[in-house]
Amino acid sequence: MHIAILTGAGISAESGLGTFRDKGGLWERHDLNDLATPEGFARNPTMVHDFYNMRRQTVRAAQPNPAHHGLARLQKHSQYKVTLITQNVDDLHERAGSDPVIHMHGTHLVALCAACAHRWPAPARMQPQDRCPACGDGVARPDVVWFGETPYHMDEILPAIAGCDLFVAIGTSGTVYPAAGFVELAREGGAETLELNLEPSDRASAFHAARFGPASQVVPTWVDELLSR
Ligand code: BV8
């Protein structure tokens, strides 16, 4: 059985990383147009670098939670083919042992040169005057996909979603496309669909089944049931 999993900020919430649209979420305190668009970066690169520097620091201090470890177990010790796709830009899946992890919105632990597309490990603090180590003159930015930009690895993601037997969305509000539309693509391919979330997402009605509760409890329970089949 091929299981395609999409995770969002909710899977990292219990590791202490902020979500975007929950009460007190990142987009409640910041305007996403200023912080998660190329235009916002062009307008004020210092503010955007500071936003990602703060989040990079938080990630470095955070630990994977039982939900990340559960998915790593499923990926490593199971008879299932598992495709793990995340909207998250943190590395908690990797630090829990998941491999590979498809980061469709990039990762802020990597720096990207806007001129020559060279990538290198992001320093703890990125600043507008940082220059690309390869071409020397490009503007260094976090290697994340902002609004209006094309998500990464879609050539790998779309066939996996369309061809899987089970599609599971974990900790995502279902508000950001194209990720929010993956459930339809999976259903068109004949897959069963399951939502594991704290509460019903914006796309809850599109799923065949759902389990609600904190990911650190719901995900390991679900994985244990799958592995005991
Ligand atoms: C694109 C950057 C073309 C990195 C992010 C009008 C209508 C429809 C679409 C559009 C539109 N206008 C514009 C668009 C397109 C736009 C879009 O969807 N806008 C939305 C806002 C309407 N999308 C784009 O621009 C995308 N690009 O479309 O290009 C294209 C399309 C297809 C193919 C080729 C080209 C690019 C989108 C990427 C934007 N970048 N982040 C960063 O800073 O992180 S988006 C940002 O939101 C993050 O990546 C995040 O992952 C993502 C989604 O948020 P969630 O992960 O779902 O987090 P959220 O806080 O929303 O929800 C948390 C959930 O967890 C909640 O449900 C909560 O209940 C739950 N939860 C909380 N605690 C727990 C929990 N669950 C379990 N346990 C817990 N403890």
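Observations on the structure shown:
- For the chain, a crude dipole built from +1 on the beta carbon of Lys and Arg and -1 on the beta carbon of Asp and Glu, taken about the Cα centre, is about 480 debye to the nearest 20.
- Helix-only mean residue ellipticity at 222 nm for the chain, each DSSP H run of n ≥ 4 adding -39500 (n - 2.57), per residue, nearest 500: -9000 deg cm²/dmol
- If the chain linking Met47 and Gln63 were pulled fully straight, counting 0.36 nm for each residue of separation and taking away their Cα-Cα distance, it would gain 3.1 nm.
- Cα pair count fraction exceeding 21 Å, expressed as % - region 1-113: 40
- By the Cβ distance rule (another cysteine Cβ under 4.7 Å), the unpaired cysteines of the chain are Cys164.
- If you take all other residues with their beta carbon under 11 Å from the beta carbon of Val101, and give Lys and Arg +1 and Asp and Glu -1, the sum is -3.
- Sequence-ordered 3J(HN,Hα) estimates for region 170-181 from the Karplus curve with 6.51, -1.76 and 1.60 and θ = phi - 60° stand at 10, x, 9, 7, x, 10, 9, 9, x, 4, 5, x Hz, glycine and proline given as x.
- The chain: DSSP helices with Cα axial extent of at least 18 Å and average Kyte-Doolittle hydropathy no lower than -1.0: 45-61
Values in this text are rule-based calculations from the coordinates and carry no lab data. The model shown is predicted, which means the values in this text are computed figures rather than measured ones. Every residue, glycine among them, receives a Cβ derived from its backbone with ideal geometry; neighbour counts consider all protein chains shown.
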